[in-house]
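All of the numbers you see were taken from the coordinates with simple rules; none came from a lab. Just so it is clear, the model here is predicted, and its values are computed rather than measured. Cβ: placed from backbone, ideal geometry, glycine included. Neighbour counts: every protein chain shown.
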Amino acid sequence: MQQNETIRNYLSSKEAQEHLGLTKEEIKSSFLENLFYRIGRIPPLASNLDLYSALALAIRDRAFKQFVKSTTEIARKNAKSVAYFSAEYLPGPHLGMNLLNLGITTETRQALEELDIKLEDLLEEEVEPGLGNGGLGRLASCYLDAMATQGIPSVGYGIRYEYGIFKQEIKDGWQSEATDKWLHFGNPWEVVRPEIAYEVKFGGKTEHGQDFNKELHVEWIPDMKLKGTAYDTPVLGYKGNGIIMRLWRSEAIESFDFSAYNGGDYYRAVEKKIRSENLTKVLYPNDENLSGKELRLKQQYFFVSCSLQDILHLHMLQNRSLETLHEKFTIQLNDTHPSISVAELMRLLVDRHDMEWERAWDVTRKTFAYTNHTLLPEALETWPVSLLGHILPRHLEIIYEINSRFLHELRDSNFSGEQIASMSLIDERGEPSVRMAHLATVGSYKVNGVSALHSMLLKNQVLSDFASLWPEKFSNVTNGISYRRFLAVSNPGLSNLITEKIGDGWYTRLDDLKKLENFVEDEEFQQKWTEVKLENKKVLACYIQEQTGISVAPEMLFDVHVKRIHEYKRQHLKVLHILSLYLRIKSGNGNEIAPCAFIFGGKAAPGYFMAKRIIRLITAVGERVNNDPEVNSKIKVVFLPNFSVKQAQKVYPAADLSEQVSLAGKEASGTGNMKFALNGALTVGTLDGANVEICEEVGEENFFLFGLTTAEVEAVKAEGYRPYKLYEENARLREVLDFLVSEELSGGDTELFRPIYENLLQQDPYLLLKDYESYINCQDHIHEVWRNKKEWTKKSILNVANMGKFSADRSIRDYCEEIWKVEPVRVS
Ligand code: CRA
């Protein structure tokens, strides 16, 4: 306590304030100091990487300072905190964001200029941590940013993968995967905390017996132990608080097995170390697809166990009993990946802290809340009972106990035998397995979906019986994004133009953007708006040229489809559209088509056959189109390799049209859709995920809607969908589909795209053929509107003006008010 007092006094002292180093001179001297003393270089000999690292270290220190201030205040108030449990994060580059959050971008640029260094060159040096697959990981990072900004006491817990999401290269038109060595040149943003480490056990058996007081006691005797060490990265809020992302790295408890070493068996001695470190080596690159691998379950348990032990430790520093845990902590489960937490917390409370089962269950159920991010059956996690029991024998017993009590409850209510079997935590059909979504639902006080439509479907379909049992448990929090990253930092042109008109209140007051509506008819403003977009398109065109060798004219309509490659996202529907244009131009009917660049980007899971074929299809279409002088002044096709947050920040500002064309009912929310619209792109989309709400906000007249609704999709499927019939009936569609297996497209190998062709004709699980006509007509309409530049610009302005709802700050407010009941703690 006395130490806290000292720290507090220091932090509020003049000396500490001065130490913030926010003037140009202070930034310069801190930068140089870091360059000399921590990097060991002088400017003339320093590489850009050295310079970047020195600047990053200088900024990181300021970021930690904000964190220390916030933490001191939170501790003083003993305030309730949020622990966000996520197996994935995609923070994106830190430097630009941290400069913005500290309010020192201009000062830093000037300080560097005086040393003949360009800030932009250093920003380019940063390698981002690719610790996630896509939307879910990026969402977690947007939420940390929003929690920090709003002063929500919070920590983001996760895994420090040594190799993040693979680096995608395109070789002969195919995706190839290379390891992502993001730590190769060091990571100036993190601090390792060797003293914050916890032991984690695996395997072995349990022994049930009595303790000294003759109480029943279970002992878990593992066959392997390792430790998790904390690596902290500060996450700054806008002009204020700081929180941390705490990632765990697995290590051997002892770095050498000395008994083996002394016996002369050196390799056996290091084997244990290597085995332990392997656990957090690599991220599983599957987005919305269960990997089912033992190592993946171990990773999940590892980070959950470290994080829960950390939380219990922190709780006990200030509180006397774990019975009040839920009053001081709420834990948000980011999908089911961390859902083994429910059993682990029970184990820690009951086995380690001797709490009675009922009491522990009450605390557990009041501590966790669960967000579901997908309804796709192949993404709903289940673990074979045999595998779970082998790795976590005690947890399996606990899950059985939870289940037996839960089923007992159900039997007392009016559920049928069939319903009870389908709600059970154990799926007994086939090989028995544990349904992680059920474990998370039963063990949480709240369950939410990520858009209004998705939450509704979750409640009415996937978890409908649970929703009828506990209606008050279910809610919706529509996803949101960080405006500061995806507009202020990544699109300075547009962001300055907006700020000139309405001030910079929009950085934190979401609805401020609405004021832009007052300028929608202002011709000068419209003019500037188009100029900014054109500038951004020029920058992207250069980047495309650099990365792919393809030249696109900035005046073309930039029609962009960037996201993970997945059949349900229907990148191949876009390809069918492009092929229809190609054939139209070739047959001399292309006059109505506006010059257009189709830009794709996104990674395919390495084992996902169809997704990889779709990439090959896009590159083949590109080769055909871009090299045909008859068409290439009208259309161009680009596949940008290695989509990442850093690359995304270049792409969104330059897009005219955002493709959000998933089959209705399949995309839980989407967040790319929000980032595009925030940067003034118009959306062509189905009524899926958050598209529904975006369309509502910006108005149907400013959104290009097409395709079936979820209800229509269900009806089509119920009737017995026959895609082949559509192929037979629609000559234009037939021509396009047949082109897929033509020699002309595949360069002679007509088998190359046959799997896609057959899939569409025989099953078409995502109803591309059904939505085709509606999509093509919508695209024709888009080209018509595009020709009226003024109309287009007005729609673009209105899109940005109405994006307030989709700020992550709003989402976090919703979580705080409706789920977490956590109050902000602000520092000055
Ligand atoms: N793949 C959904 O598919 C959603 C994000 C974040 C996803 C997206 O529609 O925007 O989550 N689901 O909520 C997911 O990861 C495990 O499920 C995604 O990113």
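Here are the numbers:
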{"quantity": "Solution diffusion estimate, µm²/s, Stokes-Einstein, region 622-665, Kirkwood Rh from C-alpha pairs, 20 °C, viscosity 1.002 mPa s", "calculated": "165"}
{"quantity": "Fully extended contour minus Cα-Cα distance, from Gln110 to Glu401, at 0.36 nm per residue", "calculated": "98.4 nm"}
{"quantity": "Pairwise FRET efficiency - Glu277 versus Tyr37, Cβ, R0 = 25 Å, nearest 0.05", "calculated": "0.25"}
{"quantity": "Region 521-806, Cα convex hull volume normalised per residue, Å³", "calculated": "125"}
{"quantity": "Pairwise label distance in nanometres, Ser464 with Glu719, each label 7 Å out on the Cα-Cβ vector", "calculated": "2.2"}
{"quantity": "For region 761-828, fraction of C-alpha pairs farther apart than 20 Å, in %", "calculated": "65"}
{"quantity": "For region 62-67, 3J(HN,Hα) per residue [Karplus equation, 6.51 cos²θ - 1.76 cosθ + 1.60, θ = phi - 60°, Hz, x = Gly/Pro]", "calculated": "5, 5, 5, 4, 5, 5"}
{"quantity": "Extension gain from Glu418 to Lys214, taking 0.36 nm per residue of separation minus the Cα-Cα distance", "calculated": "69.4 nm"}
{"quantity": "Descending principal axes extents, the chain, alpha-carbon based, whole Å", "calculated": "90, 72, 61"}
{"quantity": "Rg followed by Dmax, in Å, when region 33-142 is reduced to its Cα trace", "calculated": "16.6, 50"}
{"quantity": "Under 15 Å from the Val520 label point (7 Å along Cα→beta-carbon), backbone N, region 655-681", "calculated": "680-681"}
{"quantity": "FRET efficiency for Asp504 and Thr530, using Cβ-Cβ distance with R0 set to 22 Å, rounded to 0.05", "calculated": "0.45"}
{"quantity": "Net +/- balance of residues flanking Asn101 in space, Cβ distance below 15 Å, scoring K and R +1, D and E -1", "calculated": "+3"}
{"quantity": "Dipole moment magnitude, nearest 20 debye, the chain about Cα centre, only Lys, Arg, Asp, Glu C-beta charged", "calculated": "1040"}
{"quantity": "Met610 versus Lys239: modelled label distance in nm, points set 7 Å from Cα along the beta carbon direction", "calculated": "4.9"}
{"quantity": "Ascending count of other beta-carbon atoms within 10 Å, so fewest first, for Cys306, Cys142, Cys542, Cys695", "calculated": "Cys542, Cys695, Cys306, Cys142"}
{"quantity": "DSSP beta bridges in the chain [antiparallel fraction, %, rounded to 5]", "calculated": "45"}
{"quantity": "Cα-projected label distance for Leu583 with Thr324, points at 7 Å along beta-carbon direction, nm", "calculated": "7.1"}
{"quantity": "Longest DSSP-loop-exposure-free segment, GluC sites (Glu not before Pro), the chain, at most 15 other Cβ within 10 Å", "calculated": "631-750"}
{"quantity": "Nearest-20 debye value, region 521-806 charge dipole, Cβ charges on Lys, Arg, Asp, Glu", "calculated": "880"}
